[in-house]
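Here is the structure we will look at, set down as structure tokens.
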Amino acid sequence: FYGCGNLKLKSLPEGLSEIADYAFRYCRSLRLEYLPSDVQSIGTCAFEQCWNMPLSTLPSGLTNISSYAFVHCSKIKITSLPEGITRIEDNAFYSCFYMPLASLPNNISYIGKEAFYYCNRLAIKKLPENLKYIGSSAFGHGWLSMLYSIPSGATTIEADAFLACGMSSIKFEGTPENIANTVFKACNKLTEIRVPWSEGEVANAPWGATNATIIYNYTEPETEE
């Protein structure tokens, strides 16, 4: 159905297990609110520029969302992703302006380049514990005002990963092996970065957050019994 701009489908047949590459690309009148329960894979550019699709949920058995799958799907309303997903590929949700995504599955280890770029309604508070790689501009302009920590397993964080995001403070749970010098570029509301390492152990601090103060060797205060 590539390029069928007047296609106004509201549902797809049950039993469908895969939506292949470019299947509904440029179907700008598509009206899907949900996908069949058996869908396990969504291909590259499968729903690119389906501007009017009000998709609100994804099938629980979905394990693969390919690059550019939902790029420019500005009206999707997804709040969570299925637990079986382990990777968010490059540009998967690029420019999904109104998507109020509030959580990510714990098993996600990879978030690709510009995966959530210009998703400026994100309500994520915590990144997955198993997350290892955050690509360049992965959350750029994603607001993320409620995000409070970066998990200990995050070993690589690429340039502009949190470009222009709105958090006021952030805590590193561990020590990244590779962190670009512009990770927090234009994060003008970011005033405090708490890290568990000593000054000088990780280069390029404060990674573009020009208004931020870094608290080194930070440990959580003990709570009274």
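The values are calculated or read from the model by the stated rules, or taken from the named source; none is laboratory data. This one's a predicted model, so the numbers in the text were calculated from it and none came from an experiment. Counting neighbours? That spans all protein chains shown, and the Cβs are built from the backbone with ideal geometry, glycine included. Accessible surface is based on the protein model in full, side chains and every heavy atom, while ligands, DNA and RNA are left aside. Shrake-Rupley method; radii C 1.70, N 1.55, O 1.52, S 1.80 Å.
Here are the numbers for the structure shown:
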| read-out | value |
| --- | --- |
| Unmet criterion (only one of (1) under 21 Å from Ser136 (Cβ atoms); (2) of a type in the set (Phe, Trp, Tyr); (3) open to solvent by 50 Å² or more (accessible area, probe 1.4 Å)) for Tyr218 | (1) |
| Residue selected from the range 8-32 under the condition assigned to a loop (DSSP other than H, G, I, E, B) and touching a Ser or Thr at 6+ places or on another chain (Cβ under 6 Å), by the criterion most open to solvent (accessible area, probe 1.4 Å) | Lys8 |
| Identity of the residue in the range 41-59, in contact (Cβ under 8 Å) with a residue 24 or more places away in the chain, of a type in the set (Gly, Ala, Ser) and assigned to a loop (DSSP other than H, G, I, E, B), that ends up surrounded by the fewest Cβ atoms within 10 Å (Cβ to Cβ) | Gly43 |
| Test: Trp197 is open to solvent by less than 20 Å² (accessible area, probe 1.4 Å) and out of contact with any helix residue (DSSP H, G or I) (no Cβ under 9 Å at 6 or more places or on another chain) | yes |
| The range 107-132 residues that are in contact (Cβ under 8 Å) with a residue 24 or more places away in the chain and assigned to a strand (DSSP E or B), paired with ones that are among the basic types (Lys, Arg) and open to solvent by 80 Å² or more (accessible area, probe 1.4 Å) (beta carbon under 7 Å, 6 or more apart) | Tyr110/Arg87; Tyr110/Lys132 |
| For Ser145: the one exception among (1) part of a loop (DSSP other than H, G, I, E, B); (2) open to solvent by less than 20 Å² (accessible area, probe 1.4 Å) | (2) |
| Condition broken by Phe184, with the remaining ones in (1) in contact with a strand residue (DSSP E or B) (Cβ under 8 Å, 6 or more places away or on another chain); (2) without any contact (Cβ under 8 Å) to a residue 24 or more places away in the chain; (3) among the aromatic types (Phe, Trp, Tyr) satisfied | (2) |
| Of the criteria (1) more than 29 Å from Leu127 (Cβ to Cβ); (2) of a type in the set (Lys, Arg); (3) free of Cβ contacts under 8 Å to residues at least 24 places away in the same chain, which one Arg28 fails | (3) |
| Selected residue (criterion: farthest from Asn188 (Cα to Cα)) from residues of the range 200-215 that are open to solvent by less than 40 Å² (accessible area, probe 1.4 Å) and of a type outside the set (Gly, Ala, Ser) | Val202 |
| Search result, residues across the range 82-116 that are closer than 19 Å to Met53 by Cβ and out of contact with any strand residue (DSSP E or B) (no Cβ under 8 Å at 6 or more places or on another chain) | Pro82, Asn91, Phe93, Tyr94, Ser95, Cys96, Phe97, Tyr98, Met99, Pro100, Leu101 |
| Odd one out for Ser66, checked against (1) touching a strand residue (DSSP E or B) at 6+ places or on another chain (Cβ under 7 Å); (2) of a type outside the set (A, V, I, L, M, F, W, C); (3) surrounded by fewer than 17 Cβ atoms within 10 Å (Cβ to Cβ) | (3) |
